[in-house]
Amino acid sequence: MKILLVEPYLAGSHDAWAREYAAVSAHGVETLGLPGRHWKWRMHGGAVTLARRFIEEGHRPDLILATDMLDLTTFHALTRRNTAGIPAAIYFHENQLSYPWSSQDADPSLGRDAHYGFINYSSALAADAVLFNSAYHRDSFLGALPGFLAQFPDHDERESVDTIAAKSSVLPLGIDLAALDRHRTEREEGAPPLILWNHRWEYDKNPEDFFRALFELADEGLAFEVAVLGEAFAKYPPVFDEARERLGARIVQFGYARDPAEYARWLWRADLLPVTSDHDFFGASAVQAIWCGCRPLLPRRLAFPEHIQPDLHGEYLYDGFDDLVARLRARLREPCAPAPAGLRAYLARYDWGVLAGQYDRIFSGIRAGGTV
């Protein structure tokens, strides 16, 4: 079976997911994509460019696997002579209905934000199958649709939400967790606890609360070090520079680790992972860190409860900023210990060694006209 993975935004987790699935699938998976930049333009114009390339390159797949960054309706319209009869699935890494907009973005105040959500909506309606990377993501998207459609003046088609829900399912994000094991590093005995940040340096990851908690604990005189990883862009929240100044020598790493081996070694060295994200549809960076033995403190919301077995929610999920600080303070006063093996075992279901076959079976079923 030939799968064409159409991705207008090949960067970060989107790029890793596409490359890694192509490498492990029993099907033939080819990627048709564009560089991951200018996300708004990719959602507007990416389908036009990729439709042209689809025709010029003579693709004849058995299944089209698009992501949420593609305007699938435009892509289908421009390739209709070639894609008629070819089933299409859409995989949602994120969506623009329930994703929080930056306060620095002028589009919401100018009334230009709804278009991106509408692209996601119409693409889901056009697809034969709609796949989400977490149950939280599926529920938040479907839950946001009725209110989103209600803003339009008439013929808002709210009944179409049921149509989309009927063909929606959860297919977790595949991650090459086994690759992290190749760079395992032992934690340094006697060193202060190492607190980890390994997310993008962006507003939706809420670095303000992360560093505010560390400032408070540093002022109390508690011993700890900090490794600040994750990708930074030209503009990033100023709290990172404030943290570098205020935490000083406590910061033992500050900046993106481009080498995967170096990144993995930092995960293995880290002791504590306090996550403060305002939004995460999956949270791959948290899964990677926990897999490497980092003890998590995760918010009891978003997709994070899905990554911890229910009987351990009380120990590893927190409620609100004050609870986070209290739990982090208690952890810093305890002897350092890696996360229990049960946490890692629970996350093994996200490794490609487990998920590749599941992906392949689902896509074979979509091609055969079955439901997901």
Legend entry - Residues located in segment 345-372, provided they are within 19 Å of the chain's Cα centre (by Cα) and within 19 Å of W268 (Cβ to Cβ): Y346, L347, A348, Y350, D351
Inset, instruction - Kindly establish whether A51 is among the small types (G, A, S), out of contact with any helix residue (DSSP H, G or I) (no Cβ under 9 Å at 6 or more places or on another chain) and surrounded by 14 or more Cβ atoms within 10 Å (Cβ to Cβ). - result: no
Inset, instruction - Select from segment 60-82 the residues that are under 24 Å from Y359 (Cα atoms) and over 29 Å from the mean Cα position of the chain (by Cα) and list them in ascending order. - result: R60
Inset, instruction - Restricting attention to segment 328-372, report how many residues are without any contact (Cβ under 8 Å) to a residue 40 or more places away in the chain and among the basic types (K, R). - result: 1
Legend entry - Of residues in segment 83-93 being under 14 Å from L5 (Cα atoms) and in a loop (DSSP other than H, G, I, E, B), the one nearest to the chain's Cα centre (by Cα): H93
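Suppose the filter is at pLDDT below 95 and more than 30 Å from P172 (Cα to Cα); does E334 pass it? Walk me through it before giving the result.
Values: at pLDDT below 95: yes; more than 30 Å from P172 (Cα to Cα): yes.
Here the answer is yes, as E334 does meet what is asked.
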Legend entry - Cβ pairs under 8 Å, 6+ apart, first in segment 38-55 and more than 12 Å from L72 (Cα to Cα), second β-branched (V, I, T): F54/V6; F54/T79; F54/T83; I55/T79
Legend entry - Residue check, H199 closer than 30 Å to H38 by Cα, of a type outside the set (D, E) and assigned by TED's automatic domain parsing to the domain that holds P338: yes
Legend entry - Checking A345 against (1) over 18 Å from H183 (Cα atoms); (2) crowded, with 18+ Cβ neighbours inside 10 Å; (3) assigned by TED's automatic domain parsing to the domain that holds N206, the condition it does not meet: (2)
Legend entry - Test: residue in segment 168-178 that is touching a strand residue (DSSP E or B) at 6+ places or on another chain (Cβ under 7 Å), of a type outside the set (D, E), within 21 Å of R269 (Cβ to Cβ) and surrounded by 18 or more Cβ atoms within 10 Å (Cβ to Cβ): yes
Inset, instruction - Output yes when any residue across segment 275-291 is of a type in the set (F, W, Y), surrounded by fewer than 18 Cβ atoms within 10 Å (Cβ to Cβ) and out of contact with any Gly (no Cβ under 9 Å at 6 or more places or on another chain), and no when none is. - result: no
Legend entry - Scope segment 148-175; condition of a type outside the set (A, V, I, L, M) and closer than 28 Å to A348 by Cα; matching residues: K167, S168, S169, P172, G174
Legend entry - Verdict on R182 being in contact with a helix residue (DSSP H, G or I) (Cβ under 8 Å, 6 or more places away or on another chain), within 30 Å of R361 (Cα to Cα) and exposed (fewer than 15 other Cβ atoms within 10 Å of the Cβ): yes
Legend entry - When residues of segment 316-344 are limited to those that are charged (D, E, K, R) and under 24 Å from the mean Cα position of the chain (by Cα), the one nearest to E208 (Cα to Cα): D319
Legend entry - Members of segment 1-38 found to be buried (at least 16 other Cβ atoms within 10 Å of the Cβ) and in a helix (DSSP H, G or I), listed by number: S13, H14, D15, A16, W17, A18, E20, Y21, V24
Legend entry - D311 farther than 30 Å from L63 by Cα, touching a Lys or Arg at 6+ places or on another chain (Cβ under 9 Å) and of a type in the set (D, E, K, R): no
Legend entry - Options L302, L267: the member that is part of a loop (DSSP other than H, G, I, E, B), crowded, with 19+ Cβ neighbours inside 10 Å and either within 21 Å of the chain's Cα centre (by Cα) or aromatic (F, W, Y) (or both): L302
Legend entry - Of residues in segment 219-245 being touching a helix residue (DSSP H, G or I) at 6+ places or on another chain (Cβ under 6 Å) and assigned to a helix (DSSP H, G or I), the one surrounded by the fewest Cβ atoms within 10 Å (Cβ to Cβ): V239
Legend entry - Condition check for D209: assigned to a helix (DSSP H, G or I), modelled with pLDDT of 95 or more and loosely packed, with under 15 Cβ neighbours inside 10 Å: no
Inset, instruction - Check segment 332-342 and report whether any residue there is surrounded by 19 or more Cβ atoms within 10 Å (Cβ to Cβ) and either under 19 Å from P193 (Cβ atoms) or in the same structural domain as L65 (by TED's automatic domain parsing) (or both). - result: yes
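The values are calculated or read from the model by the stated rules, or taken from the named source; none is laboratory data. Treat the numbers as computed from the prediction; the structure is a model and nothing was measured. Cβ sites come from the backbone with ideal geometry, for glycine too, and all protein chains shown count toward neighbours.
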